[in-house]
Amino acid sequence: MIEYLKRGTELCTSGTTGRPKQIYQDPYKIKHSNFIARKVQGITKRSRILTVCSLKHAGGLLAQTLPAYEVGASVTIEPYNPYSWVQKITDYTHSHLTPRMAEAIIRTKTFKKLDLSGITIMCGSDPVHEYEINSFIEQGATFIANWGMTEIGPVAINKTYKPGDVAENYKEYTILGDTFHCDYKIVDSELHVKGAICVYPEWFATGDLVHEESGTLYYIGRKD
C-alpha cells in the first residue's frame, strides 16, 4: 500500500451511477482524503479496521483502509460475509459497509445480540436509509452516513449518529449529510463539489440531485 501513497493509483467507479470507469487518484488527493477520513471517524494508530469492501473501489481503499494504514493502525482485509462479520466485528473499532451489506448483516440471527459500543460503522456508496442507521445505533454503534464518489472523497459529506440518536429522513428523501469536507453548491438541484479531496481542480457536477433543509443535504435521485 505504500505505493498508493507515493505514486497514487487508479480506482474503478462502482457503476451504480453510470458505466464503470477508471479514475486516477494522485498522491496529493489521497493524502488529503486520508486526513479527512481519519478526522471524521477518529481513526488513530490504535484503531483496528475490518475491511470487507473491494479495494478496487474508493470505499474499500480510501474510506478506512489506506487512512488507517498510513498511521500504522491494524487493518484486516477479508471477503465480505455477513455471518463472519457479526462474529468478528467486536474485535475491531471500525468497519465500512455499503447499505446492501448493512441490510444483510441486520438480517442475521445474531445481530440483535451484538454490543457494538465503541465501534464506528461508516456506510455509503448508495443512499443510506434511516432503518439501517437506527438498527446499528440501537446496538450501540456510532454510525456515519456518508456521501462521496471516486471523483471526490470518498469521505466528503456525512452525518454522524451516536447511540441514543434517532435518524429521520426528510419527506421521501434519504440523508446525504450535514458536515462538509469540500466546497459545494447546488445548481438546478444538482450537487456540484470542489476541493483538495477532488480529482478535478474545477467544480465537478456530480449528477446527484439534492435538497437542502436547515443545513442538511438530502438525496433526491440521479440527474437524467
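The values are calculated or read from the model by the stated rules, or taken from the named source; none is laboratory data. Because the structure is a prediction, the values reported are computed rather than measured. Cβ sites come from the backbone with ideal geometry, for glycine too, and all protein chains shown count toward neighbours. Protein only, heavy atoms only, side chains kept; ligands, DNA and RNA dropped before computing areas. Shrake-Rupley method; radii C 1.70, N 1.55, O 1.52, S 1.80 Å.
Points to keep in mind about this one:
- Checking each residue in segment 190-210 for being assigned to a loop (DSSP other than H, G, I, E, B), in contact with a His (Cβ under 9 Å, 6 or more places away or on another chain) and surrounded by fewer than 21 Cβ atoms within 10 Å (Cβ to Cβ) picks out 195, 196, 203.
- Of all residues in segment 7-24, at least one satisfies being modelled with pLDDT of 80 or more and not in a loop (DSSP other than H, G, I, E, B).
- Considered as a group, the residues in segment 180-189 that are part of a strand (DSSP E or B) and under 23 Å from residue 11 (Cβ atoms) include one that is most open to solvent (accessible area, probe 1.4 Å), and that residue is 183.
- Residues in segment 138-178 that are closer than 17 Å to residue 42 by Cα, buried (at least 16 other Cβ atoms within 10 Å of the Cβ) and either of a type in the set (Val, Ile, Thr) or touching a residue at least 40 places away in the same chain (Cβ under 8 Å) (or both): 142, 144, 146, 153, 154, 155, 156, 157, 158, 159, 160.
Listed here are the residues, each with its yes/no results for (1) modelled with pLDDT of 95 or more; (2) assigned to a helix (DSSP H, G or I).
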| site | (1), (2) |
| --- | --- |
| 89 | yes, yes |
| 96 | yes, no |
| 117 | yes, no |
| 131 | no, yes |
| 135 | yes, yes |
